[in-house]
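Shown next, in structure tokens, is the structure this report addresses.
The values are calculated or read from the model by the stated rules, or taken from the named source; none is laboratory data. On a predicted model such as this, the values are computed, not experimentally measured, just so you know. Positions of Cβ are generated from backbone atoms using ideal geometry, with glycine treated the same way; all protein chains shown enter the neighbour counts. To get the accessible areas, we keep the full protein, side chains included, count just its heavy atoms, and leave off ligands, DNA and RNA. Shrake-Rupley method; radii C 1.70, N 1.55, O 1.52, S 1.80 Å.
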Amino acid sequence: ISKSVIHYALKDLEHLGFVNIVPRQGIYVADYARSGSFETLSEILKYNGGKLNVKMATSIVEMRNAIEGGALIKLAANHTEEDIKKLRTTLDELEALDGKTVSTAELAEITSKFHYQICDLCGNEIFPLVMNAFAPMSEVLWKYCAHYWGLKGFIEQDEKILGMIERGEGHEAQCYLEDIFAEYLEAN
């Protein structure tokens, strides 16, 4: 192997946050949780065959809860009738699946769309960007959740969240979101 191939490989590892290259001193293993990026997380996920360990899944859920919880507070305080109609339309899509054979992937896709809309409609420009960046990891989690709660569970949860938004109960919706994910994590 040529030196240039090794050089590029090490630069890639540095870019991903796995190593720290100090010129004329050496190459050191880095704490990827502190120096990594979304790409680091993506590479870890690829390395693990698309599976998340419990600690990583919990961390992603906590990150999602922080962002979506903030979005729930903002949306509940400042929603419009149009915002409620958009969320209701997505919830109607979910309810239309009742009695039909539906895959966990389809179920996960529609319910994640509902939760993404919360972030999109809240008025914060960064929340939807972050949620998009973590979509591949979130997709894995939503499929697990779809298998755990099923259609009826998702409908019940999303109805409750929509009601809280309509009533201006953003903090309560945030706590509810944290509670349902805590329930899922305890069960799995």
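Rounded to the nearest 10 degrees, the inclination of helix 38-47 to the longest alpha-carbon principal axis of the chain is 80 degrees. Look at the dipole of the chain built from charges on Cβ: of 163, 132, 80, the Cα furthest out on the positive end belongs to 132.
The residues of the chain have, on average, 58 Å² of accessible surface per residue, using a 1.4 Å probe with all protein chains present. Among the listed pairs 3/55; 55/100; 55/160; 74/100; 55/86; 74/143, those with a Cα-Cα distance over 31 Å are 3/55; 55/100; 74/100; 55/86.
Taking θ as phi - 60° and the Karplus parameters 6.51, -1.76 and 1.60, the scalar couplings of region 179-188 work out to 5, 5, 6, 5, 4, 4, 5, 5, 6, 10 Hz in sequence order, x denoting glycine and proline. Sorting 5, 54, 19 by solvent-accessible area of protein heavy atoms yields 54, 5, 19, largest first, with a 1.4 Å probe.
Which of 57, 99, 23 sits closest to the plus end of the dipole of the chain, meaning its Cα is farthest towards the positive end, when Lys and Arg get +1 and Asp and Glu get -1 on the C-beta? Checking the options against the dipole of the chain, the answer is 23. Note on region 85-188: with charges restricted to the Cβ of Lys and Arg (+1) and Asp and Glu (-1), its dipole about the Cα centre is near 240 debye.
Taken about its Cα centre, region 1-152 carries a charge dipole of roughly 600 debye when the Cβ of each Lys and Arg holds +1 and the Cβ of each Asp and Glu holds -1.
Which of 175, 145, 122 moves most in a GNM of the chain, Cα contacts under 10 Å? The residue that fluctuates most here is 175. Each residue of region 110-118 was assigned a 3J(HN,Hα) from its phi angle through the Karplus expression (A = 6.51, B = -1.76, C = 1.60, θ = phi - 60°), giving 6, 5, 5, 4, 4, 6, 5, 4, 4 Hz with x at Gly and Pro.
The fraction of accessible area contributed by carbon and sulfur in the chain is 55 percent, rounded to a whole number (1.4 Å probe; ligands and nucleic acids excluded).
Remark: spin-label model distance residue 125-residue 178 equals 2.9 nm, labels positioned 7 Å along the Cα→Cβ axis.
What whole-number distance in Å separates the alpha-carbon centres of region 150-177 and region 54-92? Here the answer is 9 Å between Cα centres.
How far, in degrees from 0 to 90, does helix 135-166 lean away from the longest principal axis of the Cα atoms of the chain, to the nearest 10? The helix 135-166 is inclined about 30 degrees to the chain.
Relative to the Cα centre, what is the charge dipole magnitude of region 127-170, using +1 at the beta carbon of each Lys and Arg, -1 at the beta carbon of each Asp and Glu, and rounding to the nearest 20 debye?
Details: 4 positive and 6 negative charges, 24 e Å.
Using only the charged Cβ atoms, the result is roughly 120 debye.
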